[in-house]
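Student: Sharing a structure here in structure tokens format.
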Amino acid sequence: MDEPYYVGFTVGGQEIGLDPNGHQRGLTGPLAYWPVEDIKQALRQLLAAGAQTHQEVTDVGGSNLTASIRTNVL
């Protein structure tokens, strides 16, 4: 996959993605994405469990929605 918002590679069944704009959004390390059925519901549940919003739900093109959170879990 090669899109303005994401470059993805599949290696041995594992998808590895690069966000070409991550540094502009303050990302300094890896960011994991998980597919969910309902992104808004999933985000609400994560926030209720103590996560903090890093990026609100955003349409990144092609009807693909992303959001990101921060946690204190190490």
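Student: How far is helix 39-48 tilted off the main Cα axis of the chain, in degrees rounded to 10, range 0 to 90?
Tutor: Result, in degrees: 50.
Student: Suppose a student asked you for the relative contact order of the chain, using Cα pairs under 8 Å spaced at least 6 residues apart; what percent would you report?
Tutor: 18 percent
Student: Sticking with the crude label model, points 7 Å out along Cα→Cβ, report the distance from Q14 to T58 in nm, one decimal please.
Tutor: 2.6 nm
Student: Just to be sure I understand the model, the point goes 7 Å from the Cα along the line to the Cβ. What's the resulting A48 to A32 distance in nm?
Tutor: The answer from the label model is 2.2 nm.
Student: Here is a further query. For the pair R25/L65, report the inter-label distance in nm, with labels modelled 7 Å from Cα in the Cβ direction.
Tutor: Rounded to a tenth, the inter-label distance reads 1.5 nm.
Student: Also, quick follow-up: Please go through the chain and write out the GluC sites (Glu not before Pro) that DSSP classes as loop and that have at most 13 other C-beta atoms within 10 Å.
Tutor: E37
Student: When the helices in the chain are scored as -39500 (n - 2.57) per DSSP H run of 4 or longer and the sum is shared across all residues, what 222 nm value do you end up with, to the nearest 500 deg cm²/dmol?
Tutor: Rounded to the nearest 500, it is -4000 deg cm²/dmol.
Student: Taking the Cα centre of the chain as origin, work out the dipole magnitude from +1 charges on Lys and Arg Cβ and -1 charges on Asp and Glu Cβ, in debye rounded to 20.
Tutor: Charge dipole of the chain: 340 debye, to the nearest 20.
Student: Let me see the pair-distance distribution of the chain: every alpha carbon pair, 5 Å bin width, integer percents in order.
Tutor: Answer for the chain: a P(r) of 3, 13, 24, 25, 21, 12, 3 percent.
None of the figures in this text is laboratory data; all of them are computed from the coordinates on show. Bear in mind that the values here come from a model prediction, so they are computed numbers and not experimental data. Heads up, the Cβs are rebuilt from the backbone with ideal geometry, glycines too, and the neighbour counts pull from every protein chain shown.
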